[in-house]
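The values are calculated or read from the model by the stated rules, or taken from the named source; none is laboratory data. No experiment lies behind these values; they were computed from the predicted model shown. Cβ atoms come from the backbone with ideal geometry, glycine included; neighbour counts cover every protein chain shown. Note: areas computed on protein heavy atoms with side chains; ligands, DNA, RNA excluded. Shrake-Rupley method; radii C 1.70, N 1.55, O 1.52, S 1.80 Å.
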Amino acid sequence: SGMINFAQNNIANGAAGIQWHQDFYDAIKTPQTCSSVGYQSISSRIEAESFCGMQGIQTEPTADTGGGQNVGWIEVGDWLEYNINVPAAGNYTLNYRVASTGNTGQLQLIAPSGTLAPTTIPNTSVWQNWSSVSTTVSLSAGQQKIRLYASGAAFNFNWFQLSPASTTSSSSPQSSSSVPA
Ligand code: MG
């Protein structure tokens, strides 16, 4: 990109008859891919706009708590990709922070461990009236690329969070008075 910047800013100085065609460069440049970026921790929220690859979406400033940006203009077949680092295999509660003026929206998480059933995005009445919807996903451990696939359209998306799902075991009931060592 340094070479491109240099050429763009200096090409006319050296040869007045040569023009920089940004459209041509945009058409042929290598798109950003997830193979060139690091892996995000899942210990906190992952912003929707922190994708490393996408198809068909745009971003805008969000009115949600915390500010930043949200993803929008989502149509069926659009997707977002993220590199994440999962500390341990298991079930995770997946929270999507979303808004929509209808009830057509759906998101599907596609991970190396499999494809999750679609999660329906609720109608929040206003494009910037935000709500959370949750589901549970089984993830494998380690660095991996996940894709959030829009199997339904027309919603805004601000962030998602993966939290270890509370485990239940009938063989070892927990006592409210016990204190883990
Ligand atoms: Mg955001």
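Key figures for this structure:
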item	result
Estimated FRET transfer efficiency (residue 5, residue 33; beta-carbon r; R0 25 Å; 0.05)	0.75
Extension gain, residue 140 back to residue 115 (0.36 nm per residue minus Cα-Cα distance, nm)	7.8 nm
Dipole magnitude of the chain, debye to nearest 20 (Cβ charges: Lys/Arg +1, Asp/Glu -1, about Cα centre)	400 debye
The chain - mean residue ellipticity at 222 nm from DSSP helices (-39,500 (n - 2.57) per run, n ≥ 4, rounded to 500)	-3000 deg cm²/dmol
Additional length obtainable on full extension of the chain from residue 93 to residue 22, 0.36 nm per residue less Cα span	21.2 nm
Cα gyration tensor category, rounded, prolate or oblate, for the chain with a/c compared to 1.5	prolate
Accessible area in the full protein assembly, largest first, 1.4 Å probe, for 93, 115	115, 93
Computed accessible area, residue 25, all protein chains, 1.4 angstrom probe, square angstrom	60 Å²
